[in-house]
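Here is the structure we will look at.
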Amino acid sequence: MKPRNPNLQTMHLETRGMKLPDRLEYFRLSMEEMRHTYKRTVLTAADREVIVEDPFTGLHRYMLMFASNNYLGLANHPHVTKRVKDAMNEFGNGIGGPPLLNGYIRLIEELEERLAAFKGHEAAIIFSSGFMANLGLISALAEAGDTVLYDELSHASFHDGLKLSKARAIPFAHNDIKQLEELAERQSLETEGTMYVCMEGVYSMNGDIAPLNEITEICKATEAVLMIDDAHGTGVLGEGGRGTAFHLNCEKAIDINMGTFSKVFATCGGFVTASIALIEYLRYYARPYMFSASVPPPVAATVLGGLEVMENEPWLRTQLLANVEYAAKKLKPFGFYSMPQAGIITLALPPNMDIRKGAYLFHEKGIFLNPVEYPAVPANRQRFRISMMATHTKEDIDRLATAVEEVWNDSQAYSF
């Protein structure tokens, strides 16, 4: 079967019912026809400029990096690098199994203490990835008889956690406070167990933030447990980079705060902060924690070093937000998908633009950014996502804006 207009959505629909070998062959042929810029090989450390092995020519080229969530430039910060080297000399490269069974080294214990204090909670738990943190969190806590109200744009990891839960799950329209209030009032009367209200602090595919100051009032009135995924708010918003809740002055009303190490800390892993009782419960009931290896000492040292840099060099966050403000002014004429409120800027596609053709043109201009397609977003809501860093210069941002204008006006980017 020859692929027609190959994209991930049509591939998914047209291969239903196929046997695995046929499905894999269809996928292979489709990817050959799809001129995409995914999975580019980066040959240098993450920074404002990187060297990329061009997937189309095989040549090496310098590109401005606007696709990394390395918001503060911590990926190769000298203090962080030294922290990692010292930790490896003292603790080695890894643990060799889950922390409950194979050892709970002091370095990880120290990081949990620091994260709990950073987020204003009693305790913290560290998972092997942010995805696993969300998966373990909701699947461990929400049981039959419970109700989970969640923003429709919540991350895929949260949706997968819901699939493992026996709780009743009800979405509400993105940032629709009126609908959430109506649902919470009704479900508080109908729910036999616990009601949870869940959302992101900064939405990864939009760049906007949740109105947590209003949501906390709803949760207080309905006795709901408030859970926030602050992956993209941590390190970016609030005093000292402590997150979206601190930015909106409602941190004391957050029951559970989840975050990742793969954004501002530029490594891997995830964490949850909450009360001591809830964190200890997760250690024994969150399966991704119990049955996954501990994060290795270098990861713990990376995050500890990052926290120290954030404390000692607050101007990095100031510079990041100044860069976002400058970029927003330069890019406003081209149309945002959502108004930028943190480190992410999303551009809505002009009518008839082919996102893959546009992405290839950006690539040719030496601009590395993210084309966001299905299944990350619905097929009719594609967009370009730009991640800003403190290390970007005004000249970098000017070059980005020039590239956007050129791509927007290039007939090669459109399908008619």
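Every read-out reported here was derived from the displayed coordinates using simple, explicitly stated rules and does not represent laboratory data. Note that the structure is predicted; figures quoted are calculated from it, not measured. Positions of Cβ are backbone-derived with ideal geometry, glycine not excepted, and every protein chain shown enters the neighbour counts.
Among the listed values (i) 45, 26, 21; (ii) 39, 27, 19; (iii) 34, 27, 23, the one matching semi-axes √(5λ) of the Cα gyration tensor in Å as calculated from this structure is (iii).
For A117 and M31, the FRET efficiency from 1/(1 + (r/R0)^6), where r spans their Cβ atoms and R0 equals 51 Å, is about 0.65.
Which of the residue pairs K263/K365; K119/K252; K119/K263; K39/K82 have a Cα-Cα distance greater than 18 Å in the structure shown?
On the way: K263/K365 26 Å; K119/K252 10 Å; K119/K263 16 Å; K39/K82 29 Å.
Checking Cα-Cα distances, K263/K365; K39/K82 exceed 18 Å.
Over all projection directions, the Cα-based convex hull of the stretch 75-312 averages an area of 11.8 nm².
Pull up the DSSP beta bridges for the chain and report the antiparallel fraction as a percent, rounded to 5. Close to 60 percent.
Compute the FRET efficiency between S275 and E49 as 1/(1 + (r/R0)^6), taking r as their Cβ-Cβ distance and R0 = 41 Å, and round to the nearest 0.05. Walk me through the numbers before you get to the answer.
Details: r = 44 Å, r/R0 = 1.07.
According to the calculation, E is roughly 0.40.
Cβ-Cβ distance of R186 and K220, R₀ of 22 Å, FRET efficiency by 1/(1 + (r/R0)^6): the value works out to about 0.85.
Full-extension gain between A144 and E364, please, as 0.36 nm times their residue separation minus the C-alpha to C-alpha distance.
On the way: separation 220, 0.36 × 220 = 79.20 nm, distance 5.24 nm.
Between A144 and E364, full extension yields 74.0 nm more.
Remark on A286: its backbone amide H falls under 5 Å from none of the residues 5 or more positions apart or on other chains, H modelled at 1.01 Å from N. Modelled label positions at K163 and N76, each set 7 Å beyond Cα in the direction of Cβ, lie 3.8 nm from each other.
Across all C-alpha atoms in the stretch 230-354, the radius of gyration and Dmax reach 17.7, 53 Å. Each part gets one Cα centre, and for the stretch 1-76 versus the stretch 264-303 those centres are 30 Å apart.
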